[in-house]
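As structure tokens, the structure follows; a few thoughts come after it.
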Amino acid sequence: MDVKADAATISRSVQVNLRETWSIGPVEIPTRLVLAPMAGVSVQAFRRQGRRFGAGLVCSEMVSCAGIEHRNERTLGYLRVGGDEHPLAIQIFGSEPQVMAEAARMVEAAGADLVDINFGCPVRKVTRTGAGARLLEDPERACRIVGAVASAVDVPVSVKMRRGLEDGSRVCLDVGPRLVEAGAASLTLHPRSARQMYTGHAEHALTAELVERVDVPVVASGDITSRAKAKAVLATTGAAAVMVGRAAQGNPWALREIIDADPAEPTREEVVAELLLFMRETVRELGERRAAGFLKKFYGWYLGRGRFPRPFKQELVQLATIAEVEQRLLTAAPAAADLFERLEAELPDVDDVLLDSMPISIYGGG
Ligand SMILES: Cc1cc2nc3c(=O)[nH]c(=O)nc-3n(C[C@H](O)[C@H](O)[C@H](O)COP(=O)(O)O)c2cc1C
């Protein structure tokens with residue numbers, strides 16, 4: 001980028017307002033910041049936290065439509081929707097249009113405001129079944145999936161995709177408009193190839209090209225780690241919103257920095273209080289046994305970034321129970337106890353009423 005273009009970007013960036021409302025169909029989204037769907041991360045606790053820190057839209061991790069079809073108890077557990085999560089997208093993946101349509105009906109019944117379809121997952125276990133990013137190479141099937149899902153539900157349908165399977169691919173620019181024609185009300189682009197996984201960088205020039213080609217809102221995903229980057233991507237691509245993933249893992253303060261220009265690093269007490277709340281919420285959601293394993297990666301994410309000495313995390317990971325981890329955290333930051341209590345008191349109860357409308361019980365997952 002030359003100096004003149006740089007200056008133009010900066011001046012356009014200054015005018016970007018991240019607190020602007022935008023919409024996908026009739027669904028109003030209060031900020032231009034979206035929390036990314038992440039498998040093994042985007043539990044309800046993560047999504048509710050994302051909302052508290054400024055995300056206007058949150059998304060579940062990808063849910064297998066086959067799992068929904070077979071009423072797999074753990075899969076159905078992903079369809080829990082809390083009253084304070086709206087607007088919320090639930091993401092589904094699969095390769096059979098009718099199975100995807102049926103899964104979408106369940107997702108709608110669970111209370112999701114949007115059904116998101118995954119055409120981006122690069123993981124072999126998923127692509128070899130013809131799902132995820134593999135569908136970018138089979139646009140006809142991809143369009144049939146979007147069409148079947150859009151006809152099955154009243155809520156808007158969105159699609160999240162990569163640029164293509166191979167490095168340098170521009171296939172998303174051809175497939176994107178076709179998906180819109182088939183019924184997608186919004187597209188999210190993570191402009192890396194599936195082959196790249198998470199290496200290299202997200203090439204948002206491609207996002208700008210996609211924005212030019214479709215008349216639905218486009219969300220830009222990939223490498224958004226700061227307010228400056230968020231504003232520059234919005235200004236240069238014309239995207240409706242930016243999506244933040246890895247930067248928010250164990251670090252909701254990144255969302256606050258992006259939305260509010262508040263660069264304050266959290267105190268140790270704040271970090272511990274948020275982690276304790278996250279742990280409580282996760283235990284409620286997953287049950288103690290599953291939560292114990294699930295949470296281990298979060299200890300490093302919360303306590304890293306120079307916030308606590310490295311051996312401290314090692315110590316926590318080795319503790320046998322969540323109660324012991326809580327104790328140890330409070331010993332390291334005793335003043336976090338009051339803050340944690342306040343946070344917990346402020347958190348609305350999870351509104352379970354919606355779950356009553358589910359065809360079968362989905363409480364079994366703990
Ligand atoms: C651990 C992990 C799990 C992910 N799982 C999903 C997923 O379930 N569905 C999806 O569409 N994208 C998934 N992604 C991709 C992210 O949504 C996002 O597009 C990508 O991480 C790039 O954004 P970032 O640079 O802000 O992390 C995942 C990414 C990570 C790191």
Measuring with a 1.4 Å probe in the full set of protein chains, what accessible area per residue, in whole Å², belongs to the chain? 42
Carbon/sulfur fraction of accessible area - the chain, other protein chains in place, 1.4 Å, %: 51
Would you compute, from DSSP H runs of 4+ residues alone, the mean residue ellipticity of the chain at 222 nm, taking -39500 (n - 2.57) per run and dividing by the full residue count, rounded to the nearest 500? -14000 deg cm²/dmol
Gyration tensor (alpha-carbon) shape descriptor, the chain, a/c threshold 1.5: oblate
Let's test the formula: R0 of 22 Å, r as the Cβ-Cβ distance of residue 226 and residue 20. What FRET efficiency results, to the nearest 0.05? 0.70
If I stretch the segment between residue 28 and residue 284 completely, what's the gain in nm (0.36 nm per residue apart, minus their alpha carbon distance), one decimal? 89.2 nm
Can you give me the relative contact order of the range 257-329 as a percent, contacts being Cα pairs under 8 Å and 6 or more apart? 27
How far is the Cα center of the range 271-306 from the Cα center of the range 64-88, in Å? 21
I'd like the antiparallel share, as a percent to the nearest 5, of DSSP beta bridges with both residues in the chain. 10
Can you tell me the FRET efficiency between residue 327 and residue 84 if r is taken as the Cβ-Cβ distance and R0 is 30 Å, rounded to the nearest 0.05? 0.55
For residue 176, the net charge from surrounding residues (Cβ-Cβ under 12 Å; K, R +1; D, E -1) works out to +1
Expected output is a single nm value to one decimal: the length gained when fully extending between residue 318 and residue 170, i.e. 0.36 nm times separation in residues minus the C-alpha distance. What is it? 48.7 nm
Given 129, 169, 83, which one lies farthest toward the positive end of the charge dipole of the chain, if we put +1 on the Cβ of every Lys and Arg and -1 on the Cβ of every Asp and Glu? 169
For the range 313-354, rounded, prolate or oblate, judged on the Cα gyration tensor with a ≥ b ≥ c (square roots of eigenvalues), a/c < 1.5 rounded, else prolate if a/b > b/c? oblate
Quote the relative contact order of the chain in percent (integer), defining contacts as alpha-carbon pairs under 8 Å separated by 6+ residues. 16
Estimated FRET transfer efficiency when R0 is 25 angstrom, pair residue 296-residue 260 (beta carbons, to 0.05): 0.25
Go through 160/231; 125/297; 231/297; 160/229 and tell me which ones have a Cα-Cα distance over 28 Å in this structure. 231/297
For residue 198, net neighbour charge (Lys/Arg +1, Asp/Glu -1) across residues whose Cβ lies under 12 Å away: +3
By average C-beta atoms within 10 angstrom, highest first, the peptides 125-131, 108-114: 108-114, 125-131
Mind jotting down the distance between the C-alpha centroids of the range 148-163 and the range 217-239, whole Å? 22
Placing +1 at every Lys and Arg Cβ and -1 at every Asp and Glu Cβ, with all other atoms neutral, what dipole size does the chain have around its Cα centre, in debye to the nearest 20? 1180
Be a star and scan the range 269-294 for residues whose amide nitrogen sits under 18 Å from the point 7 Å along the Cα-to-Cβ vector of residue 74. 282-294
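The values are calculated or read from the model by the stated rules, or taken from the named source; none is laboratory data. Model, not experiment: these values are computed from the prediction. Note: ideal-geometry Cβ built from the backbone for every residue, glycine included; neighbour counts use all protein chains shown. Ligands, DNA and RNA are stripped out before the accessible areas are found, and what is left, the full protein with its side chains, is counted by its heavy atoms. Shrake-Rupley method; radii C 1.70, N 1.55, O 1.52, S 1.80 Å.
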